[in-house]
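Q: What follows is a structure written as structure tokens; I'll ask about it next.
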Amino acid sequence: MGRQRIYLSSPTMHGEEQEFIKEAFDTNWVAPLGPNVDALEKEMAAYAGVGHASALSAGTAAIHLALRILGIEEGDIVMTPSLTFSATCNPILYEKATPVFIDSEWDTWNMSPEALERAFEKYGTPKAVMVVHLYGTPAKLDEIMEICKKHDVPLIEDAAESLSSTYKGKHTGTFGKIGIYSFNGNKIITTSGGGMLVSDEEELTKKATFLATQARDPARHYQHSQIGYNYRMSNITAGIGRGQLLHLEEHKAAKKKIYEQYQAAFQDIPELSMNPLNKDGDANNWLSCILIKEDCKITPDIIMDALQELNIESRPIWKPMHLQPVFEKYDFVTADGSDHSVSAEIFNRGLCLPSDIKNTEEDMEVIIKTVRKCFGK
Ligand SMILES: *Cc1c(COP(=O)(O)O)cnc(C)c1O
């Protein structure tokens with residue numbers, strides 16, 4: 001075949017990353033913390049337009065600390081979308097709290113405000129609501145925030161997939177009381193692994209940093225009055241992040257181009273549509289996805305197999321949490337109270353296409369041709 005594998009979304013490095021790392025080596029700032037960590041926090045906060053940031057070892061660690069900071073405890077209810085990656089809700093279980101899974105709506109594939117409202121009616125006021133901006137498309141933040149405000153419930157924003165996406169001109173991750181970003185390997189920028197917790201309240205990011213460094217009380221000896229974690233980002237990792245951040249907008253533009261190319265190429269296939277973009281937002285198009293019309297005999301599996309045959313990576317839509325064996329005992333709430341689940345339908349009929357910004361024009365052509373062929377085009 002000769003051609004290299006075409007990836008879903010792999011790291012794209014530029015060179016500046018190594019300069020920041022070299023500086024860290026040259027000054028022996030290899031051990032945790034140091035100037036790159038401080039600088040990345042400042043640069044990220046300035047980029048997103050948020051007050052403060054705490055650099056952490058993973059997006060999952062940031063979600064866990066967000067829950068800890070908000071005082072989530074055993075039995076507390078946290079409402080979260082069902083259609084997401086498991087890392088959104090695993091930390092709820094770390095704290096033995098109770099997730100209530102909320103169905104998606106069709107306009108953005110994100111948490112349905114109507115279903116959220118129904119969950120509030122059913123359960124009363126939860127301890128927190130966690131929204132996700134799936135595949136980079138901003139959720140219906142106005143509607144969701146209004147519900148949270150009315151009931152005085154803190155909102156956590158899992159913006160792991162949506163760094164650089166905006167809603168009404170403001171960055172996702174900066175609407176909630178706490179926002180989190182991920183720099184995992186396949187995200188829009190990567191530090192090989194890492195995350196960030198952001199907030200306009202300095203007290204909260206300071207608390208995150210404190211808990212992330214073993215919750216050591218101010219004393220000469222090692223004194224602890226709370227359970228801590230080893231969740232801090234290292235100075236080397238932060239150096240990669242500083243180099244990547246310089247290219248974030250460029251990555252966003254390249255992702256948008258991929259989405260638009262797919263959209264144009266599939267326009268004459270009535271059985272296909274692209275994943276939705278929020279009309280009130282500007283998405284980062286982290287992953288471009290397709291949705292196949294109901295009752296079409298072409299399934300996502302057929303397309304995945306056809307791509308795989310040519311060594312092209314694609315990925316199913318996240319399997320909803322309420323359908324996962326590990327979460328099946330927790331409740332799932334739909335907008336109309338019926339068993340009909342939008343998130344399950346998106347899972348059954350959707351597929352994530354290669355969205356790697358290093359893909360060449362020829363790569364895009366092969367992908368597009370292969371998908372079109374599945375529909376007899
Ligand atoms: C990637 C991801 C996370 C987890 O981030 P890590 O940095 O991998 O821990 C959380 N939520 C969503 C929606 C993600 O896609």
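Every residue, every condition in (1) in contact with a Leu (Cβ under 8 Å, 6 or more places away or on another chain); (2) modelled with pLDDT under 95; (3) basic (Lys, Arg), yes or no:
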| site | (1), (2), (3) |
| --- | --- |
| Leu8 | yes, no, no |
| Glu16 | yes, yes, no |
| Lys22 | no, yes, yes |
| Phe25 | no, yes, no |
| Trp29 | no, yes, no |
| Leu33 | no, yes, no |
| Leu40 | yes, no, no |
| Met44 | yes, no, no |
| Gly49 | no, no, no |
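Q: Looking only at strands (runs of 3 or more DSSP E) that lie completely in the range 95-192, which have at least 1 residues being buried (at least 24 other Cβ atoms within 10 Å of the Cβ) and free of Cβ contacts under 8 Å to residues at least 60 places away in the same chain?
A: Where strands (runs of 3 or more DSSP E) fall fully within the range 95-192 and carry at least 1 residues being buried (at least 24 other Cβ atoms within 10 Å of the Cβ) and free of Cβ contacts under 8 Å to residues at least 60 places away in the same chain, they are 128-132, 155-158.
Q: Something else: For the subset of the range 134-172 comprising residues that are among the small types (Gly, Ala, Ser) and more than 12 Å from the ligand (Cβ to nearest atom), which member is nearest to Asn278 (Cα to Cα)?
A: Once the filter is applied, the top-ranked residue is Ser165.
Q: Would you point out which residue out of Ile346, Ile302, Ile269 is farther than 30 Å from Tyr123 by Cβ and either in a loop (DSSP other than H, G, I, E, B) or touching a strand residue (DSSP E or B) at 6+ places or on another chain (Cβ under 7 Å) (or both)?
A: Criteria check complete, one pass: Ile269.
Q: Report the residue count in the range 54-92 for those that are more than 14 Å from the ligand (Cβ to nearest atom) and farther than 18 Å from Gly179 by Cα.
A: Of the residues in the range 54-92, 5 are more than 14 Å from the ligand (Cβ to nearest atom) and farther than 18 Å from Gly179 by Cα.
Q: Right, here's the next one. Within the range 223-260, work out how many residues are without any contact (Cβ under 8 Å) to a residue 40 or more places away in the chain and among the aliphatic types (A, V, I, L, M).
A: 2
Q: I'd like to check which helices (runs of 4 or more DSSP H) are fully inside the range 1-93 and have at least 3 residues that are farther than 25 Å from Phe210 by Cα.
A: Because the criterion is at least 3 residues that are farther than 25 Å from Phe210 by Cα, the helices (runs of 4 or more DSSP H) in the range 1-93 that meet it are 16-26.
Q: A further question follows. State all residues of the range 262-274 that are out of contact with any Leu (no Cβ under 7 Å at 6 or more places or on another chain) and under 17 Å from Gly136 (Cα atoms); if no residue qualifies, say none.
A: Gln263, Met274
Q: Also, quick follow-up: Looking at this structure, is Lys319 part of a loop (DSSP other than H, G, I, E, B), touching a helix residue (DSSP H, G or I) at 6+ places or on another chain (Cβ under 9 Å), under 19 Å from Ser112 (Cβ atoms) and not aliphatic (A, V, I, L, M)?
A: In short, yes.
Q: Quick one: how many residues across the range 228-251 are among the charged types (D, E, K, R) and surrounded by 22 or more Cβ atoms within 10 Å (Cβ to Cβ)?
A: 2
Q: Here's a follow-up. Take the range 201-227 and flag every residue that is surrounded by 16 or more Cβ atoms within 10 Å (Cβ to Cβ) and more than 17 Å from Val37 (Cα to Cα).
A: Those that are surrounded by 16 or more Cβ atoms within 10 Å (Cβ to Cβ) and more than 17 Å from Val37 (Cα to Cα): Leu204, Ala215.
Q: Here's a follow-up. Please pick out the residue among Lys256, Lys207, Lys252 that is in contact with a Ser or Thr (Cβ under 8 Å, 6 or more places away or on another chain) and outside any strand (DSSP E or B).
A: The match here is Lys252.
The values are calculated or read from the model by the stated rules, or taken from the named source; none is laboratory data. The structure displayed is predicted, hence computed values, not measured ones. Because the Cβ atoms are built from the backbone with ideal geometry, glycine has one as well, and the counts that use them run over all protein chains shown.
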